[in-house]
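The values are calculated or read from the model by the stated rules, or taken from the named source; none is laboratory data. Source: prediction; values computed, not measured. As a convention, Cβ positions derive from the backbone with ideal geometry for all residues, glycine included, and neighbour counts pool all protein chains shown.
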Amino acid sequence: MAVKRILRYLVHTQNLGLWYSKGFFFDLFGYSDSDYAGCKIDRKSTSGTCQFLGRSLVSWSSKKQNCVALSTAEAEYIAAGACCAQLLWMKKTLRDFGCEFKRIPLFCDNEIVIKLANNPVQHSRTKHIDIRHHFLRDHEAKGDIDLCHVNTENQLADIFTNPSMRLDFAFLGVN
């Protein structure tokens, strides 16, 4: 039954694919978002990330986080770290094809995450954020990524963390 379903899907989607037109911009960038304590049972957050190459979505993820976040900042920081890891892997892979990227934009709608990544000072309010998540800060300092703020209404990764309304999908279809 599963194989038939897959084959049926493939037959009806032959015209779908990723299109990279010649001469169009070929930038790598990503979006990250999180819903704080979204699971009602274990109160774990969900990370949502998506990565683009030019105008084409090439990678995305929606995953429940491994640990319970103690703040919205921590949940967003974990999601941004996951997006950063994917962007760095894509950067390394694309280097094999002759594509070089300097500072890859990573869009996040939480300004606290951007400030945490840019400020190496450990504040009393951020002591609870685990050390393993601070690799995001390291890659920001190295210049591998560039954390940028994006308004919540323009946050494309939001569809991977929250149930969206029909209007949201209509908006995303236009862009």
List the residue pairs whose Cβ atoms are under 7 Å apart, where the first residue sits in the range 82-95 and is surrounded by fewer than 19 Cβ atoms within 10 Å (Cβ to Cβ), the second is assigned to a helix (DSSP H, G or I), and the two are 6 or more positions apart or on different chains. Leu88/His139
Yes or no: the range 102-115 includes at least one residue that is assigned to a helix (DSSP H, G or I), under 17 Å from Gly30 (Cβ atoms) and modelled with pLDDT under 80. no
Answer residue from the range 19-47, given it is small (Gly, Ala, Ser), assigned to a loop (DSSP other than H, G, I, E, B) and under 27 Å from Ala69 (Cβ atoms) and is modelled with the highest pLDDT among those: Ser45
Among residues of the range 151-172 being farther than 18 Å from Ile78 by Cβ and either of a type in the set (Lys, Arg) or not in a helix (DSSP H, G or I) (or both), the residue modelled with the highest pLDDT is Asn151
Check on Leu94, among the aliphatic types (A, V, I, L, M), in contact with a helix residue (DSSP H, G or I) (Cβ under 9 Å, 6 or more places away or on another chain) and outside any strand (DSSP E or B): no
Just to verify a result, which residue in the range 60-91, among those that are among the polar types (S, T, N, Q) and in a helix (DSSP H, G or I), is modelled with the highest pLDDT? Gln86
Given (1) crowded, with 18+ Cβ neighbours inside 10 Å; (2) at pLDDT below 90, number of the condition Gln51 does not satisfy: (2)
